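Remarks on the structure that follows.
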Amino acid sequence: MRIVFKTDYMQDIRPWKDGYQLGLYLILLAVVIVAPWWLDDFYLGELTNVLIWAIAGLGLMILTGHTGQASLGHAAFLAFGCYANVILIEAGVPFLIAFPLAGILTGIIGALIAIPALRLHGIYLAIFTLALSILMDDIIVLTEPITGGVAGKYIGGVEIFGFLVDRWGTPRAFYWLVLAVTVLVTLGYINLLRAPLGRSFIAVRDSEVSAQAMGVDIARTKTISFGLSCAVTGWAGALMGLYAGAFNNETFSVVISIQLLMMIVIGGLGSIHGAFFGAIVIGFLPQFLSISKEYVGAVIGGNTVAIPGLEFGVFGLILIAFILFEPMGIYGRWLKIRTWFELFPFYRKDMFRRQKSYLKTERLR
């Protein structure tokens with residue numbers, strides 16, 4: 001049994017619980033930094049893809065996980081960030097300026113869209129954002145002189161301080177670029193949750209009526225949340241464009257939006273860890289299925305047959321299983337296991353039981 005004694009008021013808002021937890025995070029950071037030296041290019045590319053999905057998951061987590069606003073349209077903001085980054089680079093803007101600017105522009109567009117959109121609640125907001133994601137496909141095609149339309153665009157490597165960073169030519173450098181963005185976004189997210197604005201997000205998620213009674217400006221908080229969420233998603237989209245190399249209107253389909261939402265649900269809504277756990281599932285699941293089919297084919301002595309929709313079917317089954325048996329996601333399960341070891345033998349089974357009743361104030365809505 002391990003007990004953490006609080007001896008300072010600052011411990012409640014520190015990014016880490018104690019020195020032990022900080023040490024684990026530093027060890028994890030060291031492992032991912034040296035990963036290019038013990039992974040081949042294929043698995044390094046897969047790990048890079050996981051980190052990009054994690055950034056996108058963090059973007060959606062701000063809006064859905066910590067503000068409680070469901071969105072099925074974040075593929076549109078992935079596309080906007082991707083195209084904005086490439087168009088700025090083609091116009092001669094250096095990558096170190098074009099990349100953050102692409103996210104800022106995406107955030108501004110998201111905040112403007114949020115002004116009318118966030119008057120909606122629940123399923124109506126989800127339908128609105130879904131329609132936005134579908135509409136983005138037509139917008140890309142109609143603005144062909146800028147976006148390339150159906151033919152799409154191609155981007156090779158980018159120069160950073162005179163060094164070429166390319167997903168295929170220099171996979172290690174590209175991995176470190178993505179890792180640096182992931183670390184910066186994660187640190188920014190952690191500090192956001194410690195700030196009054198982040199606490200306002202959580203208050204709005206738990207009860208809008210109660211948050212308003214405490215002096216929280218609901219409309220302003222939701223708009224800022226939507227804007228920040230879109231900005232982070234735009235950066236993920238810019239990295240996705242660099243990772244893919246070539247992309248068009250079909251690259252960022254509505255399926256991506258659904259995958260993003262399922263990813264954070266499986267990983268664990270309302271937690272930064274959940275975005276990373278979900279990204280690991282969605283990033284490595286296709287390769288796991290491919291390796292499994294080859295293994296089964298080798299065992300039974302037959303050829304592997306491609307099964308259409310297998311990946312989404314398995315992903316859907318995983319989602320259903322988590323909703324039924326572990327609504328808190330992978331991180332929620334890990335939290336229970338860790339708490340069991342920390343509190344043994346005083347752990348109670350009902351410690352994490354979900355509250356099934358709503359606040360009385362919510363019935364006024």
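See the values below:
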{"quantity": "Count of the stretch 194-242 residues which are open to solvent by 40 Å² or more (accessible area, probe 1.4 Å), touching a residue at least 24 places away in the same chain (Cβ under 8 Å) and under 25 Å from LEU105 (Cβ atoms)", "calculated": "5"}
{"quantity": "Per-region count, the stretch 109-122, residues in a helix (DSSP H, G or I), touching a residue at least 12 places away in the same chain (Cβ under 8 Å) and surrounded by 14 or more Cβ atoms within 10 Å (Cβ to Cβ)", "calculated": "6"}
{"quantity": "Test: residue in the stretch 75-86 that is surrounded by fewer than 18 Cβ atoms within 10 Å (Cβ to Cβ) and β-branched (Val, Ile, Thr)", "calculated": "no"}
{"quantity": "The stretch 312-343, residues that are on the phi > 0 side of the Ramachandran plot and of a type in the set (Lys, Arg)", "calculated": "none"}
{"quantity": "Answer from TYR25, TYR9 - the residue that is open to solvent by 80 Å² or more (accessible area, probe 1.4 Å) and either hydrophobic (A, V, I, L, M, F, W, C) or more than 30 Å from PHE161 (Cβ to Cβ) (or both)", "calculated": "TYR9"}
{"quantity": "Condition broken by GLY302, with the remaining ones in (1) open to solvent by less than 60 Å² (accessible area, probe 1.4 Å); (2) in a loop (DSSP other than H, G, I, E, B); (3) modelled with pLDDT of 70 or more satisfied", "calculated": "(3)"}
{"quantity": "Yes/no for ILE97 being of a type in the set (Val, Ile, Thr) and either closer than 21 Å to LEU269 by Cα or in contact with a strand residue (DSSP E or B) (Cβ under 6 Å, 6 or more places away or on another chain) (or both)", "calculated": "no"}
{"quantity": "Condition met for ALA35 (of a type in the set (A, V, I, L, M), in contact with a helix residue (DSSP H, G or I) (Cβ under 7 Å, 6 or more places away or on another chain), at negative phi and surrounded by 21 or more Cβ atoms within 10 Å (Cβ to Cβ))", "calculated": "no"}
{"quantity": "Any hit, the stretch 137-156, residues being of a type in the set (S, T, N, Q) and at pLDDT 90 or above", "calculated": "no"}
{"quantity": "Counted residues, the stretch 141-192 - those being surrounded by fewer than 20 Cβ atoms within 10 Å (Cβ to Cβ), farther than 30 Å from PHE277 by Cα and polar (S, T, N, Q)", "calculated": "1"}
{"quantity": "The listed residue being under 27 Å from TYR83 (Cα atoms), at pLDDT 90 or above and open to solvent by less than 40 Å² (accessible area, probe 1.4 Å), out of GLY283, GLY274, GLY278", "calculated": "GLY278"}
{"quantity": "Unique match (being closer than 23 Å to PHE252 by Cα and modelled with pLDDT of 90 or more) among LEU177, LEU125, LEU184, LEU132", "calculated": "LEU177"}
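The values are calculated or read from the model by the stated rules, or taken from the named source; none is laboratory data. Given the structure is predicted, the values throughout are model-derived calculations rather than measurements. Please note: Cβ atoms are built from the backbone with ideal geometry, for glycine as well, and neighbour counts cover all protein chains shown. Quick note on the areas: whole protein, heavy atoms, side chains included, nothing else; ligands and nucleic acids left out. Shrake-Rupley method; radii C 1.70, N 1.55, O 1.52, S 1.80 Å.
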